[in-house]
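The structure under discussion appears below in the form of C-alpha cells.
The values are calculated or read from the model by the stated rules, or taken from the named source; none is laboratory data. Model, not experiment: these values are computed from the prediction. Every residue, glycine as well, gets a Cβ built from its backbone with ideal geometry; the counts of neighbours run over all protein chains shown. We work out accessible area using only protein heavy atoms, side chains counted, and drop any ligands, DNA or RNA first. Shrake-Rupley method; radii C 1.70, N 1.55, O 1.52, S 1.80 Å.
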Amino acid sequence: MTTVETRPSTAHDIYAAGGITVTKLGENIGALIEGVHVSGDITAETAYAIRYALAANKVVVFRGQHHVTDDIQYRFAGTLGSQTTTHPTLTSEDNRTLVIEGAANSWHTDVSFVDRIPKASILRAVDIPPYGGATTWASTTAAYEQLPAPLRALVDNLWAVHSNEYDYAGVHADRKGIAVNRHETMQNFTRLKFEIEHPVVRIHPETGERSLLLGHFVKNFVGLKTNESAALFQLLQERVVRLENTLRWAWTPGDLVIWDNRATQHYGIADFGAHKRSVHRVTLAGDVPVSVDGDSSRILAGDAAHFSIVDTPDRFPGFDA
C-alpha cells in the first residue's frame with residue numbers, strides 16, 4: 001500500500017496509482033471518472049485519486065453504478081471522509097441519508113448556515129423523470145478568479161451572515177412546481193436556529209484556492225444596509241452562475257455525482273411537470289471556513305456538533321494557490 005510519504009505528486013500519477021481515468025467535462029468545472037466500481041471497499045489509492053479529482057474539478061460524475069444502494073452509497077462516502085448525520089435540523093429513518101423529493105430550485109451551498117460546512121455531497125438519482133430534473137453546479141472558485149481587481153479587494157474583506165431562517169419551502173418544488181407542505185417544512189427546517197458569520201472569500205483547505213461563499217442562506221453582509229446587501233448579493237451571484245462556470249447534468253439510471261461543497265453552488269431544475277423526481281444524498285464532514293486573513297467563521301447561534309465533526313484536511317500537492 002502507498003503511504004502518505006510515497007504518494008505520487010502529479011495528477012497523472014495520482015490517477016494512475018488509483019486506477020481511474022478522469023475526463024474533463026468543462027474548462028472550469030466537471031469531470032467524468034471511469035474505472036471505479038463504487039463501494040465501501042475501494043483502495044486507499046483509489047479514494048485519494050477521487051478526492052484529488054474532486055478538488056481539481058469541483059464536480060465528478062460516475063456512470064453505470066446501477067448496483068448502488070443507500071448502504072453502499074454511505075459506505076463509499078466513508079472512504080472519502082467522515083460522514084455526517086442526515087442534516088442539522090431535518091431527520092431520516094437511518095439518520096444518514098437525506099431523501100430529496102422534487103428539486104431545490106435555488107442556488108445554494110449545502111448547509112452553509114453552520115460553522116462546519118460539509119466538504120462534499122454524494123448524490124444518487126433514484127427516481128428519474130422522463131424529462132427535465134437536471135442538476136446544475138457552478139464553480140465559486142472560477143467566479144472569484146474572474147472578478148476584476150476592485151471587486152476582489154471588496155470581497156476579500158467582506159463577511160456575510162448565513163441563517164437557516166429563510167423561505168426554505170418556497171424554493172423546494174414538488175412535482176407540480178409548487179411548495180410542498182410549506183408551513184410544516186419551514187417548521188422542521190427552523191426548529192433549531194443556526195446563524196453564523198462566514199467570510200465571503202474562503203481559502204480551500206486542500207488546494208489553497210480562493211472561492212466565494214454565498215448562496216441562498218445569506219441573510220445580509222456585515223456592516224451593510226439591507227438594500228446594499230441585496231444589490232451586492234445579486235451582483236456577486238450573477239458572477240457565480242455565469243454559464244461558463246457551470247455544469248448541467250441530466251440524470252440517467254446508475255449515475256452518482258460528488259461535488260466539492262467548499263467550491264460550488266448548485267441548483268435542482270424543477271422542469272419535470274407532475275413526474276416524480278427523487279435523489280438520495282450523503283454528506284461529508286467539512287472544516288470551518290477561513291478568510292484570506294486567516295480568521296475563522298464566527299458562530300452567532302446554534303451548535304452543529306450533533307450533525308458533524310470538524311474535518312482537518314491535508315493540502316494536496318500540485319496546486320499553485
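Residue count for the range 294-309 satisfying the condition of being of a type in the set (Gly, Ala, Ser), within 19 Å of Asn164 (Cα to Cα) and open to solvent by 50 Å² or more (accessible area, probe 1.4 Å): 1.
Exactly one residue out of Thr312, Thr252, Thr264, Thr246 is within 18 Å of the chain's Cα centre (by Cα), hydroxyl-bearing (Ser, Thr, Tyr) and either at pLDDT below 95 or surrounded by fewer than 22 Cβ atoms within 10 Å (Cβ to Cβ) (or both), and it is Thr312.
Answer yes or no as to whether Ser291 is under 28 Å from Gln83 (Cα atoms), surrounded by 14 or more Cβ atoms within 10 Å (Cβ to Cβ) and either at pLDDT 95 or above or of a type in the set (Asp, Glu) (or both). So Ser291 passes the test. Considering the range 128-144, the residues that are open to solvent by 10 Å² or more (accessible area, probe 1.4 Å) and either in contact with a strand residue (DSSP E or B) (Cβ under 6 Å, 6 or more places away or on another chain) or free of Cβ contacts under 8 Å to residues at least 12 places away in the same chain (or both) include one that is nearest to Ala250 (Cα to Cα), namely Thr136.
The residues of the range 87-120 that are polar (S, T, N, Q) and either over 28 Å from Ala49 (Cβ atoms) or open to solvent by 10 Å² or more (accessible area, probe 1.4 Å) (or both), listed by number, are Thr89, Thr91, Ser92, Asn95, Asn105, Ser106. Count of the range 222-234 residues, restricted to those that are more than 15 Å from Gln265 (Cα to Cα) and open to solvent by 70 Å² or more (accessible area, probe 1.4 Å), is 5. Checking each residue in the range 1-21 for being open to solvent by less than 40 Å² (accessible area, probe 1.4 Å), modelled with pLDDT of 95 or more and not hydroxyl-bearing (Ser, Thr, Tyr) picks out Ala11, Ile14, Gly18, Ile20. Can Gln83 be described as of a type in the set (S, T, N, Q), under 22 Å from Arg242 (Cα atoms), open to solvent by 20 Å² or more (accessible area, probe 1.4 Å) and out of contact with any His (no Cβ under 8 Å at 6 or more places or on another chain)? Here the answer is no, as Gln83 does not meet what is asked. Thr84 fulfils the conditions (1) within 19 Å of Trp251 (Cα to Cα); (2) in contact with a Pro (Cβ under 9 Å, 6 or more places away or on another chain) except for a single criterion, (1). Going through the range 271-288 one residue at a time, which ones are in contact with a strand residue (DSSP E or B) (Cβ under 8 Å, 6 or more places away or on another chain) and open to solvent by less than 40 Å² (accessible area, probe 1.4 Å)? Phe272, Arg277, Ser278, Val279, His280, Arg281, Val282, Thr283, Leu284, Ala285, Gly286, Val288 - these are the residues of the range 271-288 that are in contact with a strand residue (DSSP E or B) (Cβ under 8 Å, 6 or more places away or on another chain) and open to solvent by less than 40 Å² (accessible area, probe 1.4 Å).
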